[in-house]
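The values are calculated or read from the model by the stated rules, or taken from the named source; none is laboratory data. Quantities reported herein were computed from a predicted structural model and do not represent experimental measurements. Positions of Cβ are generated from backbone atoms using ideal geometry, with glycine treated the same way; all protein chains shown enter the neighbour counts.
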Amino acid sequence: MRWSRYFLYTLRDNPADAEVISHQLLARAGMIDKLAAGIYTYLPPGWRSIDKLMRIVREEMNAAGAVELVMPCIQPAELWQESGRWQAYGKELLRIKDRHEREFCFAPTAEEVITDTVRRRVTSYRQLPVNLYQVHTKFRDEIRPRFGLMRGREFLMKDAYSFHASAASLEEAYRAMEHAYRRIFDRCGLRYTAVEADTGNIGGSESHEYMVLADTGEDAVVACACGYGANLEKATTGRIAEMPAWPGQIPSAPEAVHTPGTSSVPDVAAFLHLQEPHLIKTMIFETDQEFVVALVRGDDEVNEIKLKNALGCTHLQLAAEAKVEQVSGGAMGYSGPVGLRGVRLVADPEVMRMPVAATGANRGDYHLVGVVPGRDFAADLVVDLRQARVGDPCPRCGSPLEIRRGIEVGHIFKLGTKYSKAMECHYLDAQGGVNPMIMGCYGLGLGRTVAAAVEQNHDEHGIIWPRPLAPFEAEVIALNPDDATVGQTAERLYGELQSAGVEVLFDDRDERAGVKFNDADLVGFPVRVVVGKKNAEQGLVELSLRRDRVKTPTPIADAAAKVRELLEQA
């Protein structure tokens, strides 16, 4: 492909709304073009990267036993009402009406449609398992679309769904999908990790996220060298160290101490001459049905996702100051579990292991010292609530945990019977019994994966494409192509590389050398071939890898073969 005839236009400046590297570079390199907030056109070179990823995805899905279909983007409200998600999904669901005032939505996901498709065709255990996938457009009406392809409203997604007669069959498909996803990201040349994850509003009993590792990632990933990994919402830890020894005697009953103006844990600890682990942090939350008091050690933070899952609620938020006073009888910052009535207490196990503690007294400017969990208050529910920290012991091997940054690009779920029960997607077993099918769900964001590849592979000059996702594998740059020697040499190499099966872009534009070099760095194709007058007259061209930019003079006769060698290193 000749640049002069191709649709590739680079930008010198970052778009005003581009906050992250991938958004900046994909826009400047002529890969994407913003149409509206969170909605982008994939320009020709950007689409080439997406198309390469789609081919890899399709090959691995097919190898894993999935069969491709395509479902409508516009879905009738009746199916979503049947599953119960029409009311529950929230404002991210783009709801529309046709000319007859019938309600529809633009699909953010396809559990309802695929369940309806299968239930009208599969009736017997003999027809199971079934595994279907599509590569299609989705829409989620994000309140604040940002980060380009990382958090858009309209996006390309591969979503697969499996249906089974037994948990063992689902387990087999789930592990096959785990392997397929690893193969996909391995083939893309990306550094990634698979982590245990929360199932969110999709639902289900088990789930894993696939995170491309990048310093700019928006998600925190807890990891251990032994292979354990989880996102911060899901991560558990081994038993943490015992709290420091309590200074002095343990009182026989809690004592109220005047602590004026000390509502934060550090301030209270300093005032009472205690350490932060000696305190019980008391957080009051509001759900859709009740107020809940969550208790963690003073040096810990409440993981709201864990709390929400433990309560089984759909809505959870910190109570406002007036409601804190209503529940506890005291000012915000002075709440504690002792003496609370008519409210559910949920405690982290580390709290209930504390031999003695200090906590709020449920009245302004006072704290209780000498509180003994189990003696002075009882928890209604004891469950892991704490957010994992760097250095906490791994729950598997006990080694210190690390926290890395990652970008979620794939998510797989064991859905169970959530949708099949609600939508009566049943099968007859060998004895003639009627049972709901057991389901799995497997999603992968195509645009996010390409954007994550850029976040992971770039420098101050532009993109450094991993070869499998590069729009073109090599670029031939003719400096002063009107010169006969330069033009003939560049044309020769362009033809030889095409004949050798190399995807090559020939920069034959009538532009200054500096413009061509800057554009080459920006678009970041793996191998660069520079044809200049001086070198060409000596029978040489200059080869380099975008990754290290080391320039190697190479005989023209050997250049095509050397490019193929360099591509193996890219």
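Residue-by-condition table, conditions (1) surrounded by fewer than 24 Cβ atoms within 10 Å (Cβ to Cβ); (2) touching a Phe, Trp or Tyr at 6+ places or on another chain (Cβ under 7 Å); (3) of a type in the set (Asp, Glu); (4) part of a loop (DSSP other than H, G, I, E, B):
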residue	(1), (2), (3), (4)
447	no, yes, no, no
450	no, no, no, no
481	yes, no, no, yes
485	yes, no, no, no
506	no, yes, no, no
**Request:** State whether one or more residues within the range 248-255 are on the phi > 0 side of the Ramachandran plot, modelled with pLDDT under 90 and not assigned by TED's automatic domain parsing to the domain that holds residue 150.
**Result:** yes
**Request:** Just give me the residues in the range 144-170 being hydrophobic (A, V, I, L, M, F, W, C), farther than 18 Å from residue 23 by Cβ and outside any strand (DSSP E or B), in sequence order.
**Result:** 165, 167, 168, 170
**Message:** For the condition crowded, with 19+ Cβ neighbours inside 10 Å, on the phi < 0 side of the Ramachandran plot, without any contact (Cβ under 8 Å) to a residue 60 or more places away in the chain and β-branched (Val, Ile, Thr), what is the one hit in 515, 476, 523?
**Reply:** 476
**Prompt:** Picking from 161, 228, which residue would you name as being in contact with a Gly (Cβ under 8 Å, 6 or more places away or on another chain), hydroxyl-bearing (Ser, Thr, Tyr) and farther than 30 Å from residue 357 by Cα?
**Reply:** 161
**Request:** Using the structure shown, decide if residue 36 is of a type in the set (A, V, I, L, M, F, W, C), more than 30 Å from residue 424 (Cβ to Cβ), out of contact with any Ser or Thr (no Cβ under 8 Å at 6 or more places or on another chain) and loosely packed, with under 15 Cβ neighbours inside 10 Å.
**Result:** yes
**Asked** Which residues, taken from the range 509-558, are in a helix (DSSP H, G or I) and among the small types (Gly, Ala, Ser)?
**Response** 513, 514, 520, 536, 557
**Item:** Residue within the range 382-396 that is without any contact (Cβ under 8 Å) to a residue 60 or more places away in the chain, farther than 19 Å from residue 234 by Cβ, of a type in the set (Gly, Ala, Ser) and surrounded by fewer than 17 Cβ atoms within 10 Å (Cβ to Cβ) present
**Value:** no
**Request:** Looking only at the range 29-47, decide whether some residue is among the charged types (D, E, K, R), at pLDDT 95 or above and within 24 Å of residue 218 (Cβ to Cβ).
**Result:** yes
**strands (runs of 3 or more DSSP E) contained entirely in the range 215-283, each with at least 3 residues that are surrounded by fewer than 16 Cβ atoms within 10 Å (Cβ to Cβ)** = 255-258
**Message:** Here is a list: 561, 490. Which entry is over 34 Å from the mean Cα position of the chain (by Cα), buried (at least 21 other Cβ atoms within 10 Å of the Cβ) and either without any contact (Cβ under 8 Å) to a residue 12 or more places away in the chain or in a helix (DSSP H, G or I) (or both)?
**Reply:** 490
**Request:** Would you confirm whether any residue within the range 293-309 is surrounded by fewer than 19 Cβ atoms within 10 Å (Cβ to Cβ) and in a strand (DSSP E or B)?
**Result:** no
**Request:** Residue by residue through the range 125-159, note down the ones that are more than 26 Å from residue 31 (Cβ to Cβ) and either among the polar types (S, T, N, Q) or under 17 Å from the mean Cα position of the chain (by Cα) (or both).
**Result:** 127, 131
**Message:** Can you tell me which condition residue 369 does not meet? The list is (1) on the phi < 0 side of the Ramachandran plot; (2) in contact (Cβ under 8 Å) with a residue 60 or more places away in the chain; (3) in the same structural domain as residue 220 (by TED's automatic domain parsing), and all the others hold.
**Reply:** (3)
**Asked** Taking helices (runs of 4 or more DSSP H) that fall entirely within the range 1-112, which contain at least 2 residues that are over 30 Å from residue 523 (Cα atoms)?
**Response** 44-63, 77-83, 85-88
